[in-house]
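Structure, as structure tokens:
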Amino acid sequence: MPLRITASRTVDADAGNITFDGSVDYDSGATTILTKEGAHEWIITGDTVHTGSVYRVKLDHGTVRFASGSRFHLSDPVGTVRTVFEVGDKDVAHDI
């Protein structure tokens with residue numbers, strides 16, 4: 001079953017691993033960020049393919065693992081966005 005994202009959401013893996021057995025379905029015309037927090041793994045097993053400059057994934061803590069055979073493809077066809085998949089601890093200041 002796909003996970004349908006209509007607004008920015010957070011996946012919290014503090015209590016244990018979380019597995020998505022289907023696709024992640026971004027369904028929004030606005031900037032939509034799926035954030036992963038928590039020390040455990042977020043395991044993606046399905047196919048997610050979206051094209052557009054408004055879809056993002058942010059890894060704040062822990063691990064994201066793409067299972068064998070999965071496909072996760074987010075792309076910006078016009079190149080306006082460079083950070084489609086962001087990795088970093090939200091509690092730590094980063095120099096740019």
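In the set (1) surrounded by fewer than 15 Cβ atoms within 10 Å (Cβ to Cβ); (2) under 13 Å from the mean Cα position of the chain (by Cα); (3) assigned to a loop (DSSP other than H, G, I, E, B), the condition left unmet by Ser68 is number (2). Of all residues in segment 73-94, at least one satisfies being surrounded by 14 or more Cβ atoms within 10 Å (Cβ to Cβ), at pLDDT 80 or above and among the hydrophobic types (A, V, I, L, M, F, W, C).
Only one of the numbered conditions (1) assigned to a loop (DSSP other than H, G, I, E, B); (2) within 13 Å of the chain's Cα centre (by Cα) is not met by Gly29, and that is (2). Could you tell me whether any residue of segment 3-10 is under 19 Å from Gly88 (Cβ atoms), at pLDDT below 85 and of a type in the set (Ser, Thr, Tyr)? Looking through segment 3-10, none of the residues is under 19 Å from Gly88 (Cβ atoms), at pLDDT below 85 and of a type in the set (Ser, Thr, Tyr). Among the residues of this structure, Ala13 does not count as one that is in contact (Cβ under 8 Å) with a residue 12 or more places away in the chain and surrounded by fewer than 12 Cβ atoms within 10 Å (Cβ to Cβ). Among residues of segment 39-65 that are within 12 Å of Val24 (Cα to Cα) and at pLDDT below 90, those with a Cβ under 6 angstrom from a residue that is of a type outside the set (A, V, I, L, M) and exposed (fewer than 15 other Cβ atoms within 10 Å of the Cβ), sequence gap 6+ or separate chain, pair up as Ile44/Phe66; Thr45/Asp21; Gly46/Gly22; Asp47/Arg71; Val49/His73; Val57/Phe85. Counting only residues that are part of a strand (DSSP E or B) and among the β-branched types (Val, Ile, Thr), which one in segment 39-59 is farthest from Thr6 (Cα to Cα)? That would be Ile43. Count of segment 46-71 residues, restricted to those that are in contact with a strand residue (DSSP E or B) (Cβ under 7 Å, 6 or more places away or on another chain) and among the polar types (S, T, N, Q), is 4.
The values are calculated or read from the model by the stated rules, or taken from the named source; none is laboratory data. Treat the numbers as computed from the prediction; the structure is a model and nothing was measured. With ideal geometry, Cβ positions are generated from the backbone for all residues, glycine too; neighbour counts draw on all protein chains shown.
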